[in-house]
Amino acid sequence: MPVYTTFDSPLGELLLVGEESVTAKGGTALVSLSMPGQKSGAVVQDGWTRDEKAFAEIVSQLRSYFDGVLTDFDIEYVSGAGSDFQQRVWKAVETVPYGTTVSYGEIAARIGASRAAVRAVGTAIGANPLLLVRPCHRVIGASGSLTGYAAGLERKQQLLDLEHARPATPPEDRHHLDFSPS
């Protein structure tokens, strides 16, 4: 049976949904993390139980992240959500380091999809049920522009600003960098 709580964050009130897990730190595995106004965000259902204590570890990590201390979450997720393609995309998103960004095309390349699959990658990223902790906010347009975020581009920008994120150098451009002293 799902449990839930809310967490007042700099992005607004987050809705955390989880399930009991004997292997998760704090005993709860995260099913979803939703933000106010999020497209396809979770909504509290009849039969769910509100339980702040079940999320103590997760909330502690979120606080540390928003305080600029935590750069890598150690949160167990409930697996099984999403199609095989979505899961491959989400796993690739999980590898994008704190403070960096990659393009949708780079995510497509990481999963072995063609550049023509960029829209499908964007759709899969848009279906991410774990905003923030699965860092889809670190995926940007090829031009470096902010594109698509289920909770709005303003929140995406806030998260990138919090992380002092800089665009990652595409592998094909690395040989053009000049490291000589000026």
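The values are calculated or read from the model by the stated rules, or taken from the named source; none is laboratory data. Just so it is clear, the structure is predicted and the values come from calculations on it, not from any experiment. Cβ coordinates were reconstructed from backbone atoms using ideal geometry, including for glycine residues, and neighbour counts include every protein chain displayed. Areas reflect the complete protein model, heavy atoms only, side chains present, ligands, DNA and RNA absent. Shrake-Rupley method; radii C 1.70, N 1.55, O 1.52, S 1.80 Å.
Assorted remarks:
- Residue that is farthest from Ser64 (Cα to Cα) [pool: residues in segment 22-35 that are touching a helix residue (DSSP H, G or I) at 6+ places or on another chain (Cβ under 9 Å) and open to solvent by 20 Å² or more (accessible area, probe 1.4 Å)]: Gly27
- Filter result for Glu52 (in contact with a Lys or Arg (Cβ under 7 Å, 6 or more places away or on another chain) and open to solvent by 20 Å² or more (accessible area, probe 1.4 Å)): no
- Residues of segment 109-144 classified as open to solvent by less than 50 Å² (accessible area, probe 1.4 Å) and either part of a loop (DSSP other than H, G, I, E, B) or under 23 Å from Pro10 (Cα atoms) (or both), total: 20
- Condition check for Ala81: among the small types (Gly, Ala, Ser), under 22 Å from Tyr149 (Cα atoms) and over 13 Å from the mean Cα position of the chain (by Cα): yes
- Qualifying residue in segment 105-122 (condition: closer than 30 Å to Met1 by Cα and out of contact with any His (no Cβ under 8 Å at 6 or more places or on another chain)): no
- Lone unmet requirement of (1) surrounded by 10 or more Cβ atoms within 10 Å (Cβ to Cβ); (2) touching a helix residue (DSSP H, G or I) at 6+ places or on another chain (Cβ under 9 Å); (3) at pLDDT below 85 for Pro167: (2)
- Counting only residues that are part of a helix (DSSP H, G or I) and touching a residue at least 40 places away in the same chain (Cβ under 8 Å), segment 62-100 holds 7 of them.
- Condition check for Val43 on (1) modelled with pLDDT of 95 or more; (2) in contact with a Leu (Cβ under 9 Å, 6 or more places away or on another chain); (3) open to solvent by 50 Å² or more (accessible area, probe 1.4 Å): one failure, at (1).
- For segment 118-137, the set of residues classified as more than 12 Å from Ser34 (Cβ to Cβ) and either β-branched (Val, Ile, Thr) or in contact with a Gly (Cβ under 9 Å, 6 or more places away or on another chain) (or both) consists of Val118, Val121, Gly122, Thr123, Ala124, Ile125, Gly126, Ala127, Cys136, listed by residue number.
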